[in-house]
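Derivation of every value follows stated rules applied to the coordinates shown; laboratory data play no part. Every value quoted in this text rests on a predicted model; they were computed, and no experiment measured them. Positions of Cβ are generated from backbone atoms using ideal geometry, with glycine treated the same way; all protein chains shown enter the neighbour counts.
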Amino acid sequence: MAASISSLFFMLVIQAASMAIAGTQTMNVIKSTCRSTPHPELCIKTLTDPSVILSIPIDPTLINFAAHTLDSAITKAKKLSSFLADTGSGGIGGIVQVQKGCVDDCKELHQISIACLQRSAAICDKKGGTAASLSTREMSDINIYLSAALTNKNTCLQGLSTATGPKKDSLVSYFTDAYKYVSNSLAIVAKSKASKLPPHPTSVHNRRLMGTMIPSWLPLRDRKILQLGPITIGGGSNNEGNNEGNNEGNNDGNNDNNDDGKGDENTLTLKVAADGSETYRTVSEAVLNVPEKSNSRTIIQIKAGVYEENVVIPSNKINIAFVGEGSDVTTISGNRSVADGWTTFHSATVAVSGSGFLARDITFENYAGPAKGQAVAIRINADLTAFYHCNFLGYQDTLYVHSFRQFYRECNILGTVDFIFGNSATIIQNSNIIARLPLHGQYNTITAQGRDDPNEDTGISIQRCSILASQELAQNPDSAKTYLGRPWRIYSRTVYMDSLIDRLVDPAGWKNWDGDRGLDTLYYGEYANTGPGSNTDGRVNWAGYHIMDRQDASPFTVSEFIQGDQWLDSTNFPYDNSV
């Protein structure tokens with residue numbers, strides 16, 4: 001009996017010692033992990049909370065930790081939602097808005113952020129949350145969702161910067177504190193993703209391959225619909241022979257325009273005509289009649305005309321495609337601006353928050369003019385969006401590539417100051433980027449990328465484009481300087497690759513924003529460009545500026561940067577997946 005008791009006691013001592021060693025090992029791993037986050041003390045506090053640490057496995061992975069920090073982020077975000085619900089507009093609830101819509105912006109963006117956090121947590125929880133169960137694509141998804149959430153926070157705070165009232169400081173503080181959990185989660189996921197990547201990712205040197213890597217989340221019926229050929233109005237193909245072979249083998253003549261208005265039995269087609277000859281007179285009316293959260297494609301055919309309206313596609317209206325009759329004849333136009341009291345976010349003529357949005361053969365315009373300051377033609381804060389044969393016309397802040405993953409092909413983008421800006425992962429291919437004549441005393445900056453965290457997989461990649469002067473600017477070449485970009489935020493990231501850069505671009509190439517802020521932490525790169533403005537001999541001498549080689553350029557291609565080889569095929573828009 002005594003021997004049995006001694007044996008049991010010995011086993012308990014060994015078990016306790018083992019648990020202590022395991023606990024120490026877990027604690028060391030937690031500390032090591034948290035050192036790589038922007039808020040290490042908060043990270044340690046989160047992961048050592050008694051309710052959390054007891055559920056952490058003995059041999060935890062980074063994804064285990066990310067799952068717990070995301071749970072904390074969601075809890076904080078929901079509490080912030082309750083605070084926001086008590087914060088009205090127009091002075092009600094303690095916030096006085098100087099710019100129209102700043103509180104509404106915060107409410108809308110925060111709800112999108114909560115959805116991003118929940119989607120990220122669901123991926124982390126997959127198969128028990130082991131790193132081995134998550135693909136690089138899934139971790140890229142999490143990264144872009146969390147990057148979008150942090151961008152939403154910054155947009156909210158930017159709008160609130162002009163507000164007043166007794167609740168303003170509390171709201172700003174609440175937002176700042178709540179999103180620290182998001183930053184920590186992003187850092188842990190980025191570390192896990194980096195551990196899975198090969199040391200030097202290489203691009204697949206090919207053109208689009210229809211039907212090979214179509215994403216599993218896209219319903220089979222929608223894949224079939226979109227593979228029938230380019231969507232056109234009035235029959236026939238609208239490729240205009242301008243696809244450079246990227247659509248080879250895909251046009252089998254079966255374009256199925258379904259002029260009866262029904263389309264495929266699983267596709268809703270809505271028709272808009274300004275003259276009243278179709279069901280809807282305005283684009284906004286058609287959007288209102290799109291089913292919410294539909295996994296099927298809704299095609300909105302927009303006949304020739306100028307549609308003077310501000311169109312909003314909310315986050316619950318997904319998988320919408322705008323199809324015009326040509327970017328020279330179908331225009332959606334507006335004139336909101338910051339000078340007239342709108343936030344930059346709310347100034348957009350067309351605002352897209354619904355994922356899976358596509359557009360082709362349309363002009364998006366904000367004609368407020370250069371004297372009105374920020375005036376957005378289109379704002380995209382939706383994932384997996386693509387544009388083909390579109391025009392974007394404005395002056396300051398024309399194209400707001402706000403967040404998530406975006407693709408532009410064979411488009412014309414015109415503006416003056418920061419006219420391609422935001423913090424998405426965006427690729428622009430085979431397009432004309434045209435600087436206009438700015439106000440007297442101004443200079444042109446083509447891009448103003450807003451990456452605010454080194455762990456964000458965001459940036460602007462401009463590939464095989466032409467950087468040109470408008471006719472008016474070309475006739476007055478000495479009236480204003482033009483730069484490739486400037487750093488809106490300190491980790492700003494923009495690259496120009498294999499593009500024609502005309503003589504309008506200043507020899508320095510790039511412009512600082514505020515003294516030397518961000519010049520060491522940004523990433524600006526140029527690779528294999530041509531034209532009189534492409535000479536890099538006189539470029540800026542910043543630590544963050546790079547003359548790139550092929551290996552440097554590879555991460556900014558369609559497959560690497562926006563995972564486009566896994567979703568762009570379904571759009572039937574051409575793309576090039578090579579460096």
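Scalar couplings 3J(HN,Hα) for segment 495-505, obtained by applying the Karplus form with A = 6.51, B = -1.76, C = 1.60 to θ = phi - 60°, are 10, 10, 10, 6, 10, 8, 10, 7, 5, 5, 6 Hz; x denotes Gly and Pro. A cut-off of 5 Å between modelled amide H atoms, ignoring neighbours fewer than 5 places along the same chain, links Val98 with Ala163, Thr164.
In sequence order, segment 551-556 has phi-based couplings of 5, 5, 6, 4, x, 9 Hz under the Karplus curve 6.51 cos²θ - 1.76 cosθ + 1.60, θ = phi - 60°, and Gly or Pro positions carry x. Put simply, the C-alpha atoms of segment 383-485 give a gyration tensor, and the ellipsoid matching it has half-axes of 24, 16, 10 Å, longest first. Rounded to the nearest 0.05, the FRET efficiency derived from the C-beta distance between Asn266 and Lys293 at R0 = 22 Å is 0.90.
With a cut-off of 14 Å between beta carbons, the residues surrounding Gly373 carry a summed charge of -1, where Lys and Arg count +1 and Asp and Glu -1.
Given their separation in residues at 0.36 nm each and the Cα-Cα distance between them, Ala122 and Thr48 gain 24.5 nm when the chain is fully extended. Residues whose amide H falls under 5 Å from that of Ser355, counting only those 5 or more places apart or on a different chain, are Asn319, Asp383, with hydrogens built in the peptide plane.
How high is the FRET efficiency between Ala194 and Ser277 when r is their beta carbon distance and R₀ equals 45 Å, given to the nearest 0.05?
0.20
Of all lysines in the structure, those lying under 22 Å Cα to Cα from Lys126, and not within fewer than 8 positions of it along the same chain, are Lys191, Lys193, Lys196.
Grab the Cα-Cα distance for Asp340 and Lys78, subtract it from 0.36 nm times how many residues apart they are, and report the gain in nm with one decimal. Walk me through the numbers before you get to the answer.
Working: separation 262, 0.36 × 262 = 94.32 nm, distance 3.31 nm.
Answer, rounded to one decimal: 91.0 nm.
Amide H contacts under 5 Å for Asn391: Ile362, Thr363, Phe364, Asn412, restricted to partners 5 or more places along the chain or on a different chain, H placed in the peptide plane at 1.01 Å from N.
Exposure proxy ranking for Met139, Met548, Met497, Met27, based on other Cβ atoms within 10 angstrom of each Cβ and starting from the fewest, stands as Met27, Met548, Met497, Met139.
Taking every C-alpha pair closer than 8 Å and separated by at least 6 residues, the mean separation divided by the residue count of segment 416-548 gives a relative contact order of 23 percent.
If the segment from Asn476 to Val306 were pulled out straight at 0.36 nm per residue, it would be longer than the present Cα-Cα gap by 58.2 nm.
Could you work out the local net charge near Thr445, counting Lys and Arg as +1, Asp and Glu as -1, over the other residues with Cβ closer than 11 Å to its Cβ?
Working: positive: Lys481, Arg486, Lys511; negative: Asp397, Asp418, Asp506.
After counting each charged neighbour, the total is 0.
Each residue of segment 38-46 was assigned a 3J(HN,Hα) from its phi angle through the Karplus curve 6.51 cos²θ - 1.76 cosθ + 1.60 (θ = phi - 60°); the sequence is x, 10, x, 5, 5, 4, 4, 4, 5 Hz, with glycine and proline shown as x.
So, counting K/R as plus one and D/E as minus one, what does the shell of residues with Cβ under 11 Å around Ala553 add up to?
Summing Lys/Arg as +1 and Asp/Glu as -1 gives -4.
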